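Here is the structure we will look at, set down as structure tokens.
Derivation of every value follows stated rules applied to the coordinates shown; laboratory data play no part. Bear in mind the structure is a predicted one, so any value in this text is a computation, not a measurement. Cβ: placed from backbone, ideal geometry, glycine included. Neighbour counts: every protein chain shown.
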Amino acid sequence: MAFLDDVLQTPSYGWRTATGEFSKPSASAIIKEFFSRLNIFKDKKNWLPFFSWLKVLLLFPFLVLFITKYFSFGLLAAGFVYGMILLGTHGTVWYHRYGTHHAFTFKNNWWRFFTQNLMLSIIPEEIYVVSHHVHHAKSDEPGDPYFAEGGFLYCFLADVNHQPIAKNLSEKDYNHVRTLMKHTGIDGNSYSAYQKWGSYAKPAATVASWLLNWSFWIAVFYLIGGMGLVCALLGGAFVWAVGVRTFNYEGHGKGADKRQEGIDHNRKDMSINQVWPGYVAGEWHNNHHLYPRSARSGFLPYQLDLAWCYIKMLHSFGAVTSYQDNKKDFYKDYHLPYIDKSNDTAKMTVVKEPAKIEQVKETLHS
């Protein structure tokens, strides 16, 4: 826990107050921190969050062009499917279940590279993976990089304000970061290079990888459907890139307890299962917090899990060699005991009803 206490760069307003309570910043403090950490002229170690948001902003003109020049309902549907379903599912597969939790294993590096670049590259792995380990260790507590009690802006701008790794890690702690990132296949900085750039990711390699990824997919989209399809899909990607930053605020009840009996069995934090992110991205969040290392989080029959479908498909022809699936554990430890308890309660209610009726009759006669 000592490593996870210090691995992320502490915001200027801190994680906790002097008394140990959550240090909730004002909206102005959050915005000030955001722009301060994007300032690469002030400190070149800010390059990775700056680069992350630069990619998002570069997608915006494609959305404008789609709306003003290439709009059609067919292209709108294509943009919706790409942005909401394909990018969402890919994010769950690559960043969440593999990058952070290593819930499955690829047969070789080629299949890992294929999955990593199956969609447009938008979020830097380093910013997501390391901070998400902290999120699980400190979920809905001070130090959680997207603590919902901090409010919408606290979560929405977390990738800049709360998720980057600290810039003053010891060599031992930096090597721990390297261990968390090693299986992703991203070749990280040496400790001396980290001290210069403040990141695990290498700037030149990161920019080159992004250029190759975007060039390839824009060319593919253009060959398939011309500039209209390019604008529709990249516009959809912009909507996803902005919308995904709202997920943990929504997925943890906006700071309130919105867990439902019989649906959200994890009671250690405020995570909830939501139908929309569940269906479009396989993100049944409360289930995931019950079993973080499970390659499947859609356990119940109605909980469609497209991310699991992709992983299972790769496993069917050997591209994924192993995975962890906690569906049976979920039924044994949570779902079936809940059903049994509900049935027992219903039986007790039926048995007690005649006694209640007789009691009412006696009261009336008296």
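Observations on the model:
- Derived scalar couplings ³J(HN,Hα) [the stretch 19-34; Karplus, 6.51 cos²θ - 1.76 cosθ + 1.60; whole Hz; x for Gly, Pro]: 8, x, 7, 4, 8, 8, x, 6, 4, 5, 5, 5, 5, 4, 4, 4
- Cut-off under 5 Å, modelled amide H: who pairs with Ala166 long-range: Leu8, Gln9
- For the stretch 95-233, the relative contact order comes to 23 percent (Cα pairs under 8 Å, sequence separation of at least 6).
- Kirkwood Rh, Cα atoms: Rg over Rh of the stretch 221-310: 1.10
- Count of Lys pairs (Cα-Cα under 18 Å; at least 8 positions apart or interchain) in the stretch 189-344: 5
- Cα centre as origin, Lys/Arg/Asp/Glu Cβ charges: the chain dipole, Debye: 760 debye
- Packing-based order for 15-27, 305-317, using average beta carbon neighbours within 10 Å, highest first: 305-317, 15-27
- Peptides 128-136, 270-278, 34-42, 58-66 ordered by average Cβ neighbours within 10 Å, highest first: 128-136, 270-278, 58-66, 34-42
- The Rg/Rh ratio for the chain is 1.05, where Rg is the radius of gyration of the alpha carbons and Rh is the Kirkwood radius.
- Each residue of the stretch 132-141 was assigned a 3J(HN,Hα) from its phi angle through the Karplus curve 6.51 cos²θ - 1.76 cosθ + 1.60 (θ = phi - 60°); the sequence is 6, 4, 5, 4, 6, 6, 10, 4, 6, 9 Hz, with glycine and proline shown as x.
- Residue-wise HN-Hα couplings along the stretch 234-248, as the Karplus relation 6.51 cos²θ - 1.76 cosθ + 1.60 with θ = phi - 60° gives them from phi, are 6, x, x, 5, 4, 4, 5, 4, 7, x, 5, 6, 9, 4, 5 Hz; Gly and Pro carry x.
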